[in-house]
Amino acid sequence: MKRTQRIVFLVPGFFGFTAVGDLSYFHDVERALGKALERRRFEARLVRCPTQPTGSIPRRADQLRRQVLRHGGLKATELHFVGHSTGGLDQRLLLSPGVSISGDDSEEQIGRRTRTAVSVVTPHYGTPLANFFATAQGHQVLLLLASLATTGQGRGAIRLASRATSLLSRLGGLLGGEALTDEALRRLMKAIRFDKDDPVWRYFEAVASDQGAVLQLTPEGTNLFAAAVVDRPGVDYASVVAATPRPPARLDRALLHPQQLALRGLFRLLHGITSRPHARYPYPSPTAAVRRRIERGIGFELTPAANDGIVPAMSQVHGRVVHAVRADHLDVVGHYTLAAEGSSNWLPSGAAFTPEQFGALWDDVAAVIAGSGAGRSRRVGRAKRRRG
């Protein structure tokens, strides 16, 4: 009997990369997801997909299509996609019936072989933070976050910058609830410099060359996306939702290291901006059952202000919600573990995400992937019995 070839594609998000230096984007996800699939005796090959970090969604979707072809996706009998953040939109666009990205029929062939599309903290209805990133000041914060998200070297630069005599005074407005000043950002970014042969420098060049996704991830941009992109029949669409409690309004400077003070203040800024929904583009309200499931997972009330520091929680809902957890935007792909390796977490959100929660999240994702074929067969069987 011919063995079924299954491939699971891991699609990175807004700060997309497979690895920069010694840091993997899907930090420990491959191990956790792989073991969870093995426990279910579901044989599959996991593939990490590189992408344009902040490039437009159509450009990223085309790059994803090329990766599927490169890794033998058209010879597989089952394809599964797991997209983190913007990666969830990339896969939705690629799988949308009738989409034209390449000029051939490869999109349709990929769609026919696809069984599941799991989105993890994806901004299906946009994020107010994208509107901020589109400003001159937001552009500097975007580069700063790219450094924090990709490498401990960036965190080291923040550590050095935070020791500068003028930095904390410049951040005084931020810590008091106001925006970062241009001068503070200039000094902060000046400390982050890399050799041009360093992979991080090349990553920054990629970020600088194409930031099409910034405008497309605004609530206005995703409103147009939602009107044009439809779910493919037969594909199981599922979502993972995360949110963190609102950071405290004041930070105790006496108890925090200057680095932690700066990074916590930065997260509070991001969380505060993301908590402000667009007045004319509200997020769809989930059903009472879905709301209860999300609130049980995050541990507090689900409102339009609830978010993971990057994406509003209500914007993350698409298809069936299979997991909800108190975590920040990069906790869910394993970056919380960096703290155990002697380096600061990407941004200290206070979510207190644990290895047990990480394992439970990816176990639920594995259950979606492994159960998709059997679930569809049961649905088809029931439909045939009803027709009979």
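The values are calculated or read from the model by the stated rules, or taken from the named source; none is laboratory data. Given the structure is predicted, the values throughout are model-derived calculations rather than measurements. Here the Cβ is made from the backbone with ideal geometry for all residues, glycine too, and neighbour counts use every protein chain on show. We work out accessible area using only protein heavy atoms, side chains counted, and drop any ligands, DNA or RNA first. Shrake-Rupley method; radii C 1.70, N 1.55, O 1.52, S 1.80 Å.
Put simply, of G297, G359, G272 the only residue that is at pLDDT 95 or above, in a helix (DSSP H, G or I) and crowded, with 18+ Cβ neighbours inside 10 Å is G297.
Consider the range 300-310. How many of its residues are of a type outside the set (S, T, N, Q), at pLDDT 95 or above and touching a helix residue (DSSP H, G or I) at 6+ places or on another chain (Cβ under 7 Å)? Spell out the reasoning first.
Within the range 300-310, the subset of a type outside the set (S, T, N, Q) is 300-302, 304-306, 308-310.
Within this subset, residues satisfying the condition of being at pLDDT 95 or above are 300-302, 304-306, 308.
Remaining after also requiring touching a helix residue (DSSP H, G or I) at 6+ places or on another chain (Cβ under 7 Å): 301-302, 304, 306.
Residues flagged as of a type outside the set (S, T, N, Q), at pLDDT 95 or above and touching a helix residue (DSSP H, G or I) at 6+ places or on another chain (Cβ under 7 Å) within the range 300-310 amount to 4.
Taking the range 329-343 as the range and being part of a loop (DSSP other than H, G, I, E, B) and at pLDDT below 50 as the test, the residues that pass are G342, S343.
Return a yes/no flag: does the range 50-63 have any residue that is free of Cβ contacts under 8 Å to residues at least 60 places away in the same chain and among the basic types (K, R). No, that holds for no residue. Applying the condition of being part of a loop (DSSP other than H, G, I, E, B) and within 20 Å of the chain's Cα centre (by Cα) to the range 23-52 and asking which residue is modelled with the highest pLDDT yields C49. Scanning the range 307-328 for residues that are open to solvent by 10 Å² or more (accessible area, probe 1.4 Å) and either part of a loop (DSSP other than H, G, I, E, B) or of a type in the set (D, E) (or both) returns I310, V317, H318, G319.
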